[in-house]
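Novice: Below is a structure I'd like to ask you about.
The values are calculated or read from the model by the stated rules, or taken from the named source; none is laboratory data. On a predicted model such as this, the values are computed, not experimentally measured, just so you know. Here the Cβ positions follow ideal geometry from the backbone for every residue, glycine too, while neighbour counts run over all protein chains shown.
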Amino acid sequence: MIFYSTNKKSTPASLKKATLEGLATDGGLYVPSAIPGFSDEEIALLGDAPFNDIAFAIAKKFNDGEIPDDRLAAIVEDCFTFKTPLVEIDEGTYIEELFHGPTLAFKDYGARFLAHLTGYFAEEDHTLITILVATSGDTGSAVAYGFKGVPNTRVVLLYPSGKVSRLQEQQLTTVGGNVTALEVDGDFDDCQRLVKQAFMDTELKQRLSLTSANSINISRLIPQTFYYAWGALRLAARHPGKKVVFSVPSGNYGNLTGGVLAKMMGFPIGHFIAGSNVNDSVTRYLEEGRYEPHPTVATLSSAMDVGNPSNFARLRHFYGDNHHAMAADISGCSVSDSETLDTISKVYNRLGYIMDPHTAVGYRALEKFRESNSGFDKPAAVMSTAHPAKFLDAIREALDMDISIPDRLQEVLDKQKISIPISSDYRDLAGFLSKL
Ligand SMILES: *Cc1c(COP(=O)(O)O)cnc(C)c1O
């Protein structure tokens, strides 16, 4: 498959080039030259297939022969070793739990697939690829765990000292092996600046085969279609003749974009609800047709605090820059922090299910959609993007109680932190990288 840049200026790229470059050279985001289609027969055949068979069938179309089928199948098996449960918490209302990967958040799907593809392409070129990332928390841990132990790759993470949560810091600094954490005396902007400077050093970039693994990489987007296809097929089987509505808690809109691709490929999806917190640039666009991004505001659903979401360019591209077409498929809904806490509490009291603040935004957005669309009788699934134990403070505030921490998280909390302190002066980072 050939990939184009949304800015239409740089030359089209193979899957390998698009994956290793991340951002296109013209600053645009890579999009597939055509959206692969699934016929009704193909979809019927996948009807009750296991998750990895569905994942492979989709990946194969985006790959289009670049990676041999047997290797691609093995990559899919290595990536998705955990379950994607659909929990019916109320009649016709499901929670699709995307938090059973190693860091207990949905970013594991994208990070693991990207890591294994990168490892494959590095092996093909007989090189060792160095992934250099600045992180303010969750993206970095998904990348660290995604690349952990993947041959032909090593990861260098930069995080701002004292500015990430304790759990996040533990997740960044205890992976070991091919993952090194640099603790920067500065803020997240310093970390980003240092990484940018390293990428501008062409000699260094070449010698270390530097790549960025950032969230807009096409190989993080592709696997985010897998769980929509899986959820839609499962629910179509349980609710014959109906198409599922997905409610998606959104920040950078990468998760939602994966869903839109799955719908356009032909999977039985009826509609999307894009739940945002008060960072509502896309929500307002969907309602009014004008895109006017605002500065970012901090909220309880912090992984969704994005004022100017980068995947909006991709969404626009897929809808041919047509507001009407996008709004026909996606309804936007913004949810405040107090509604978020209220939702966590009401859902727990009524249904006994504990959701994290991001999931609660998606759930509340679905409720509001139902209130204003009477006669709505379709099965609906809220994409649950994180395990509630990752957000203990919000859960305590909403429910006035502590919840138990899964063993996997407790193990990470108990491990010895290993980081290398550096200053925010580029010479420190250059010195470290020159010894690799
Ligand atoms: C990243 C993230 C989101 C937002 O996903 P986007 O793809 O950026 O819209 C939502 N919830 C959690 C827990 C996240 O980590």
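Novice: Please work out if Tyr109 is among the hydroxyl-bearing types (Ser, Thr, Tyr), at pLDDT 95 or above and more than 16 Å from the ligand (Cβ to nearest atom).
Specialist: When the stated conditions are applied, Tyr109 does not pass them.
Novice: Looking at the structure I just gave you, is Asp185 over 24 Å from the mean Cα position of the chain (by Cα) and under 26 Å from Gly119 (Cβ atoms)?
Specialist: Criteria not met by Asp185.
Novice: Any residue in the range 342-361 that is under 30 Å from Ser404 (Cα atoms), within 23 Å of the chain's Cα centre (by Cα) and of a type in the set (Asp, Glu)?
Specialist: yes
Novice: Please count how many residues of the range 219-244 are crowded, with 24+ Cβ neighbours inside 10 Å, in contact (Cβ under 8 Å) with a residue 40 or more places away in the chain and away from the ligand (no atom under 13 Å from the Cβ).
Specialist: Qualifying residue count for the region: 8.
Novice: Are any of the residues in the range 309-316 in contact with a strand residue (DSSP E or B) (Cβ under 6 Å, 6 or more places away or on another chain) and either in a loop (DSSP other than H, G, I, E, B) or under 30 Å from Glu397 (Cα atoms) (or both)?
Specialist: no
Novice: Does Gly275 qualify as being over 14 Å from the mean Cα position of the chain (by Cα) and surrounded by fewer than 19 Cβ atoms within 10 Å (Cβ to Cβ)?
Specialist: no
Novice: Has the range 56-71 got at least one residue that is more than 30 Å from Gly186 (Cβ to Cβ), within 20 Å of the chain's Cα centre (by Cα), not acidic (Asp, Glu) and not in a helix (DSSP H, G or I)?
Specialist: Within the range 56-71, not a single residue is more than 30 Å from Gly186 (Cβ to Cβ), within 20 Å of the chain's Cα centre (by Cα), not acidic (Asp, Glu) and not in a helix (DSSP H, G or I).
Novice: Small (Gly, Ala, Ser) and without any contact (Cβ under 8 Å) to a residue 12 or more places away in the chain: does that describe Ala74?
Specialist: Taking the combined requirement at face value, the residue satisfies it.
Novice: Does any residue of the range 83-97 turn out to be touching a residue at least 24 places away in the same chain (Cβ under 8 Å), touching a helix residue (DSSP H, G or I) at 6+ places or on another chain (Cβ under 6 Å) and within 16 Å of the ligand (Cβ to nearest atom)?
Specialist: yes
Novice: Oh, and also: Test each condition in (1) of a type in the set (Val, Ile, Thr); (2) buried (at least 19 other Cβ atoms within 10 Å of the Cβ); (3) outside any helix (DSSP H, G or I) for Thr283 and report the one that comes out false.
Specialist: (3)
Novice: Quick one: which strands (runs of 3 or more DSSP E) lie wholly within the range 88-168 and hold at least 1 residues that are small (Gly, Ala, Ser)?
Specialist: Where strands (runs of 3 or more DSSP E) fall fully within the range 88-168 and carry at least 1 residues being small (Gly, Ala, Ser), they are 129-134.
Novice: Filter the range 169-181 down to residues that are assigned to a strand (DSSP E or B) and surrounded by 23 or more Cβ atoms within 10 Å (Cβ to Cβ), then give me how many there are.
Specialist: The number of residues fulfilling the criteria is 2.
Novice: Would you confirm whether any residue within the range 1-12 is touching a Pro at 6+ places or on another chain (Cβ under 6 Å) and among the aliphatic types (A, V, I, L, M)?
Specialist: yes
Novice: Also, quick follow-up: I'm told Asp64 meets every condition in (1) at pLDDT below 95; (2) more than 26 Å from Ser209 (Cβ to Cβ) except one. Can you identify the failing condition by its number?
Specialist: (2)
Novice: Let me ask something additional. Restricting attention to the range 14-35, does a residue exist that is under 30 Å from Gly352 (Cα atoms), under 22 Å from the mean Cα position of the chain (by Cα) and either free of Cβ contacts under 8 Å to residues at least 60 places away in the same chain or buried (at least 16 other Cβ atoms within 10 Å of the Cβ) (or both)?
Specialist: The answer is no, given that none of the residues of the range 14-35 is under 30 Å from Gly352 (Cα atoms), under 22 Å from the mean Cα position of the chain (by Cα) and either free of Cβ contacts under 8 Å to residues at least 60 places away in the same chain or buried (at least 16 other Cβ atoms within 10 Å of the Cβ) (or both).
Novice: Further question on the same structure: Would you please name the residue that is farthest from Tyr145 (Cα to Cα), looking only at residues in the range 182-200 that are in contact with a helix residue (DSSP H, G or I) (Cβ under 7 Å, 6 or more places away or on another chain) and surrounded by fewer than 19 Cβ atoms within 10 Å (Cβ to Cβ)?
Specialist: Per the criteria, the residue is Gln197.
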